[in-house]
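Asker: Let me begin by handing over the structure; questions about it come next.
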Amino acid sequence: MENVHGPTGIAEDVAAALRALPAGHEFSVRVVHTADTPVESLTPHCRKHCHFYAENTLSRRVLVLVSQGILLVAGLEAREFVTLLVEADSTRSLKERVAVDTCIEKLDTSGMLSSRMPLARQIVAGYLCSLQKYRKALDVPTVGVHLFARAQQEYLFAKSRENPGKHILDDFALIKWWQRTITFALTYAMSHTSCSLQASANGSSGTEAAARTCSPETVVAHCVVPGAEPNDAYTFTGALTDTANDTSNGHAGTETVARIDWRWGLPYPSNALAHDCVLQFPDDPITRLLAEPHSRGWSVAMLLEILSVSEECGSGHRTAYISTQLPVNGVAEVLEPSQFEATADQGQLSLEDYDSVLAALFDRATDFSNASTAVA
């Protein structure tokens, strides 16, 4: 049984995903987040081609912490963005659009887990599951999921790299792990949210009923390693078409409701101007490069070339950009605004307090190298 502390949706969905781990392990899930606050556009220098254009972008930060007993064992941090667009052409015809994107910024383990199991992968799967229900109320067809994979010995837990129980991946292994994890998380979210909830709505239950109400759907996911050629894709990500649809991972009897079509490259036309389409997330190499004045004329293809020789993605480093669109339309359950309000005070922090929580985790005075100090 998992203990849940935090907003309805994220904490409960992560806890549900953790139940698929081997029996006999008890976890507690805590979620803290900030309120939605206005931020700069994700495409701040995009050229406007319409008569009237207005944009408003809101963002919140989310931190998911998982403990086993009194020990913190894993954490995930993400930033969620909601962009509201209003455009009008010369005929004064208004067009409104809403876009929802999340950037998974950090995923880390402390090395304190009692035995080897895919805990981090299940956390990502549960988080994606919550995005479907929480953001469905905005009536969007998909939620963009983005991440920058960069090997680092510790992201959230100070001195955890010195913990002998922590399994640290090198850059090649990390890219492959993220590709498999996003594949699993997409199929998990679509099967456990779409199918199960549709079956429930139809008065049925169980895997068999879910299989009757859903048909496989193809989801496109993109992965690119700056500096690597398309012919090298297999080296970094494995057999994209063969392994991308392996949904077993301990879920015997789960019907495949999605096929993940992995494609090499960024999810934008290569000849498009980077400033017009490439999303710019905080603390990201792409954002830093596009902040340079001479970048205004870069195409997406040129941006990738510059990335391949940049300090963060070149010089022997192997990093990856991964992006996909999580379908939302098939979700039967929608969390009503009243449910948000009822849990608004559970785990919601100011930006200052949120930063204090992160600082406490990664403060060098904190020590996650041994069990005596890695306390939840």
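Asker: Fully extended, how many nm does the chain gain between E305 and R116 (0.36 nm per residue separation, minus their Cα-Cα distance)?
Answerer: My answer for the length gained is 64.2 nm.
Asker: Could I ask something else about it? Taking the Cα-to-Cβ direction at A228 and at A272 and moving 7 Å from each Cα, how far apart do the two end points lie in nm?
Answerer: Modelled inter-label distance: 2.3 nm.
Asker: Given a Förster radius of 35 Å and the C-beta distance between I168 and H45 as r, what FRET efficiency does 1/(1 + (r/R0)^6) yield to the nearest 0.05?
Answerer: 0.40
Asker: Sticking with this structure for a sec: Check A35: other-chain or 5+ apart residues with amide H under 5 Å from its amide H, H built from backbone geometry?
Answerer: For A35, whose amide H was placed from the backbone, the distant partners under 5 Å are L349.
Asker: Assuming 0.36 nm per residue, please report the length gained on full extension of the stretch I70 to T91 beyond their Cα-Cα distance.
Answerer: Additional length available on full extension: 1.3 nm.
Asker: Name the long-range amide H neighbours of S299: under 5 Å, sequence gap of 5 or more, or other chain; modelled H, no Pro or chain starts.
Answerer: Long-range HN contacts for S299: A274.
Asker: Please give the net charge around R161, taking every other residue with its beta carbon less than 11 angstrom from that of R161, where Lys and Arg add +1 and Asp and Glu add -1.
Answerer: Combined, the nearby Lys, Arg, Asp and Glu give -1.
Asker: Divide the volume of the convex hull of the Cα atoms of segment 82-185 by its number of residues and quote the answer in cubic angstrom per residue.
Answerer: Once divided by residue count, the hull of segment 82-185 is 133 Å³.
Every number in this text was worked out from the coordinates using simple rules, so none of it is lab data. Because the structure is predicted, anything quoted here is derived from the model rather than measured. All Cβ positions, glycine included, derive from the backbone under ideal geometry; neighbour counts span all protein chains shown.
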